[in-house]
Amino acid sequence: MIDLSTLLQLAAGILLVLILYIILNNKQRGYFKIVFYEVKEIIKSFFMNQTKEQRIVQYVLDNATRGDPQSVIDNIDKYCSEKEWAMNVGDKKGLILDEVVKEANPSVLLELGTYFGYSSVRTARLLKPGALLFTVEFNPVFAALAKQIIEFAGVNDKVQILEGDTKDIIPHLKKKYEVDTLDFVFVDHWKDKYKGDTILLEKCNLLRKGSVILADNVIVPGAPDFLEYVRTCGRYDCTNYPSFLEYMPEQDALEKAVFRG
């Protein structure tokens, strides 16, 4: 069992290292805020013996309306705005996600990074009958929480959680999950994997002419190699959507890349 003194020293050390990293890499203050909130939540979770994500899910189960995905989204937004910050796409960028999904009108979708299910529910509530969203989550704890949220929202018939690493799951989408091509891909996992997983989707022939890739957090924390790739490789038509970091007045953006085929 870690005592309080050791925990506080560990948290202070992590915070110091991250602050130095931010300074040396000229990161924006939005990134610093993320680090601050995450370290604070580590300490809080230690005392409460419950993770932030577990608290968010419990709040939804206690306050939202079962079977109403909009109620689930609204309650998560309320909690994350007023109580504890969380790095889901959020209310402001969520409106952009909504519009891009509506415009694409997809039948087969892939989400990279489920977290606890916010964007899965947000997307699924807009899908036409028969559409299916595959969402990939590496962390089994997050996957379990997302399953609760998705079922509670009543969209589990439109969402299938795939637990594991994207590099292992993407190559098996065609044979194991009978995916021909993807109409829409929402990218919101580890930022250093954005570019690699996009290239992997290409290599596995999962993109067709008109397939839409929408990437979150391309400014904060940032995905510069992904942006450079989709904007310069000649395979995509790109649109940038400036917005704000989830539940913060800090600049961020989504990048839409439409595959040319």
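Quick check on my filter: what residues within region 86-105 are open to solvent by less than 10 Å² (accessible area, probe 1.4 Å) and in a loop (DSSP other than H, G, I, E, B)?
If the condition is that a residue be open to solvent by less than 10 Å² (accessible area, probe 1.4 Å) and in a loop (DSSP other than H, G, I, E, B), then Ala86, Asn88, Val89 are the ones that fit.
Test Ile219 against the criterion of being crowded, with 16+ Cβ neighbours inside 10 Å, touching a residue at least 24 places away in the same chain (Cβ under 8 Å) and not charged (D, E, K, R), and give yes or no. Can you show your working first?
Working: crowded, with 16+ Cβ neighbours inside 10 Å: yes; touching a residue at least 24 places away in the same chain (Cβ under 8 Å): yes; not charged (D, E, K, R): yes.
The answer is yes for Ile219.
Report yes if some residue within region 158-170 is of a type outside the set (A, V, I, L, M), in a loop (DSSP other than H, G, I, E, B) and surrounded by fewer than 18 Cβ atoms within 10 Å (Cβ to Cβ); otherwise report no.
yes
Out of all the residues in region 106-123, is one or more more than 17 Å from the chain's Cα centre (by Cα), free of Cβ contacts under 8 Å to residues at least 40 places away in the same chain and open to solvent by 10 Å² or more (accessible area, probe 1.4 Å)?
Initial filter on region 106-123 (more than 17 Å from the chain's Cα centre (by Cα)): 106-108.
Still in the running and free of Cβ contacts under 8 Å to residues at least 40 places away in the same chain: none.
Taking every residue of region 106-123 in turn, none turns out to be more than 17 Å from the chain's Cα centre (by Cα), free of Cβ contacts under 8 Å to residues at least 40 places away in the same chain and open to solvent by 10 Å² or more (accessible area, probe 1.4 Å).
In the set Lys209, Lys195, which member is assigned to a helix (DSSP H, G or I) and open to solvent by 60 Å² or more (accessible area, probe 1.4 Å)?
Working: Lys209 fails: assigned to a helix (DSSP H, G or I).
Matching residue, one of Lys209, Lys195: Lys195.
Without any contact (Cβ under 8 Å) to a residue 24 or more places away in the chain, under 27 Å from Lys147 (Cα atoms) and open to solvent by 30 Å² or more (accessible area, probe 1.4 Å): which single residue out of Lys176, Lys203 fits that description?
Working: Lys203 fails: under 27 Å from Lys147 (Cα atoms).
Residue meeting the stated conditions: Lys176.
Which of the residues belonging to region 222-257 are of a type in the set (D, E, K, R) and surrounded by fewer than 18 Cβ atoms within 10 Å (Cβ to Cβ)?
Step one: of region 222-257, the residues of a type in the set (D, E, K, R) are 225, 228, 231, 235, 237, 246, 250, 252, 255-256.
Residues satisfying the conditions are Asp225, Glu228, Arg231, Arg235, Asp237, Glu250.
Identify, by number, the condition in (1) open to solvent by 50 Å² or more (accessible area, probe 1.4 Å); (2) at pLDDT below 95; (3) part of a helix (DSSP H, G or I) that Met1 doesn't meet.
All conditions pass for Met1, except number (3).
In a helix (DSSP H, G or I) and either open to solvent by 10 Å² or more (accessible area, probe 1.4 Å) or farther than 21 Å from Lys52 by Cα (or both): is that true of Leu133 in this structure?
No: the conditions fail for Leu133.
The values are calculated or read from the model by the stated rules, or taken from the named source; none is laboratory data. Keep in mind that this is a model prediction, so the values were computed, not measured. Glycine also receives a Cβ, built like all others from the backbone with ideal geometry; neighbour counts cover every protein chain displayed. Areas reflect the complete protein model, heavy atoms only, side chains present, ligands, DNA and RNA absent. Shrake-Rupley method; radii C 1.70, N 1.55, O 1.52, S 1.80 Å.
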